[in-house]
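What follows is a short report on a single structure.
What follows is calculated from the coordinates using simple rules that are stated; it is not laboratory data. Here the structure is a predicted model, which means the values were calculated and not measured. Heads up, the Cβs are rebuilt from the backbone with ideal geometry, glycines too, and the neighbour counts pull from every protein chain shown.
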Amino acid sequence: MKIVNLEIKGHWREVADSARTTINLEPGRCEPSSNWKRRMLLSEHSPIRQLMVKVKWADLPYWVSVHLVRHKIGIEHWVRTQRSDRTGEDRAANHQSAPVEHEILASSQAIIAISRKRLCKQASKETQEAWQLLLDELKQKEPELYEVSVPDCVYRGHCMEYKSCGYHKTQKFAEALEKYRENVND
């Protein structure tokens, strides 16, 4: 599996101006700072939903695509069909790991929410890898969004799964939690 395209739709200036609208201020002129972006993403205030991420995977196993399609809020999915009348291939002959193209358009809020579930060690390894591919590409274009896209245990500060993997009891978790909470109230 691989990412063949990642685009950012929307601009931080629009996010900032919408935030200013909510507190009765006029639009601003300069680009928001990295610290401001991170704090807005951590607070998950509604203006962040204007920042959208468009991603396309190629050669994604069909069953991993099914895991991603489960996410519905703030995201749209387009998955290449396996219909016999469109592909000329017998759909019944395809196995669950047959590769598909999967494209999404997701708000930054959805990226944060999906990361909480798909970076969890209880998610399948392949689904974790597919989502991590997205985040690795995202890091280049939106490092602040990358930084706040963490597993649920880091987001909450503890594990809420019925069957924990134990990560929340490790030094690595403590370090990830400290980094996540870094500069929160500056």
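Spelling out what I want: for every residue of the range 37-52, take phi, set θ = phi - 60°, compute 6.51 cos²θ - 1.76 cosθ + 1.60 (Karplus), and round to whole Hz; glycine and proline get x.
Each residue of the range 37-52 in turn: 4, 4, 5, 5, 5, 5, 6, 6, 5, 3, x, 5, 5, 6, 7, 10 Hz.
Rounded to a whole number, what is D in µm²/s for the chain from Stokes-Einstein with the Kirkwood radius over alpha-carbon pairs (4 °C, 1.567 mPa s)?
Answer from the Stokes-Einstein relation: 72 µm²/s.
Could you give the distance between the Cα centres of the range 72-105 and the range 130-160, to the whole Å?
26
Among residues other than Thr87 whose Cβ falls under 15 Å from its Cβ, what is the net charge (Lys/Arg +1, Asp/Glu -1)?
Net charge around Thr87: 0.
Determine, from the Cβ-Cβ distance of Lys2 and Asp90 and an R0 of 25 Å, the FRET efficiency 1/(1 + (r/R0)^6), rounded to the nearest 0.05.
Between Lys2 and Asp90 the formula returns 0.45.
Between beta-carbons, use under 12 Å as the cut-off and find the net charge around His71, counting Lys and Arg +1, Asp and Glu -1.
After counting each charged neighbour, the total is +4.
Of Ile104, Ile23, Ile114, which is the most mobile in a GNM of the chain whose springs link Cα atoms less than 10 angstrom apart?
Ile23
Can you tell me the 0 to 90 degree angle between the C-alpha axis of helix 171-181 and the longest principal axis of the chain, rounded to 10?
It is inclined by approximately 60 degrees.
Tell me what the chain gives for mean residue ellipticity at 222 nm when only DSSP H runs of n ≥ 4 count, each as -39,500 (n - 2.57), the sum divided by the residue total, rounded to 500 deg cm²/dmol.
-12500 deg cm²/dmol
Could you state the angle between the C-alpha long axis of helix 125-141 and the longest principal axis of the C-alpha atoms of the chain, as a value from 0 to 90 degrees rounded to the nearest 10?
Between helix and principal axis, roughly 40 degrees.
With the chain treated as a Gaussian network of Cα nodes joined by springs under 10 Å, which of Leu135, Leu25, Leu119 yields the largest mean-square fluctuation?
Leu25
Taking only C-alpha pairs under 8 Å that are 6+ residues apart, what is the relative contact order of the range 1-111 in percent?
34
Please give, to one decimal in nm, the separation of the simple spin-label points placed at Lys72 and Glu103, each 7 Å out from Cα toward the Cβ.
Taking the simple label geometry, Lys72 and Glu103 are separated by 2.3 nm.
Where is the GNM fluctuation largest for the chain (alpha-carbon springs, 10 angstrom cutoff): Cys165, Cys153, Cys120?
Residue with maximal mean-square fluctuation among Cys165, Cys153, Cys120: Cys165.
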